[in-house]
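Working notes, structure below.
The values are calculated or read from the model by the stated rules, or taken from the named source; none is laboratory data. Note that the structure is predicted; figures quoted are calculated from it, not measured. Positions of Cβ are backbone-derived with ideal geometry, glycine not excepted, and every protein chain shown enters the neighbour counts. These area figures cover heavy atoms from the full protein model, side chains too; ligands, DNA and RNA do not enter into them. Shrake-Rupley method; radii C 1.70, N 1.55, O 1.52, S 1.80 Å.
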Amino acid sequence: YEVILSINAKAKKKDLKVFELELAYAGLFTLPNIVINNEKEKKIMLIEAPQLLFPYARSIVSNVTRDGGFMPLIIQPIDFVLLYETRMKEETH
């Protein structure tokens, strides 16, 4: 499976765009040859995989903004479990 973590950020000062950042950080994941139901597979791809990718993407964002001459943009940790649960609630409604 390919999981892509997308991060978009914009910095503005009044009406002037200071910078815009778009990052698509991907990882390839192979699940073991065990019986996995769709629910467990969804949880792995929507929770575990992004949790593994996030620290690296976060570091890239910080380094790119710093290397561009700006204050490093530090992204706060993301609760992928909460995002998953919210998404599942929305799909059932």
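Quick notes on this structure:
- Per-residue Karplus couplings for segment 15-20, computed as 6.51 cos²θ - 1.76 cosθ + 1.60 with θ equal to phi - 60°, are listed in order as 9, 8, 6, 7, 7, 9 Hz, Gly and Pro entered as x.
- Over the chain, Cα pairs under 8 Å with separation of 6+ residues give a relative contact order of 23 percent.
- Cross-link partners for K40 among the lysines, with Cα-Cα distance under 18 Å and sequence neighbours closer than 8 places in the same chain left out: K89.
- Placing R0 at 35 angstrom, the Cβ-Cβ distance between E91 and S59 gives a FRET efficiency of 0.65 after rounding to 0.05.
- With protein chains left intact and a 1.4 Å probe, residues in the chain average 78 Å² of accessible area per residue.
- Overall, the accessible surface of segment 6-93 at a probe of 1.4 angstrom is composed of carbon and sulfur to the extent of 56 percent.
- Each stretch of four or more DSSP H residues adds -39500 (n - 2.57); spread over every residue of the chain, this sum gives -13000 deg cm²/dmol at 222 nm.
- Just so you know, the averaged projected area of the alpha carbon convex hull for the chain sits at 7.9 nm².
- For F19, the residues whose modelled amide H falls within less than 5 Å of its own, excluding neighbours fewer than 5 places apart on the same chain, are A11.
- Extension gain for the segment E22 to I75, taken as residue separation times 0.36 nm less the Cα-Cα distance, is 17.7 nm to one decimal.
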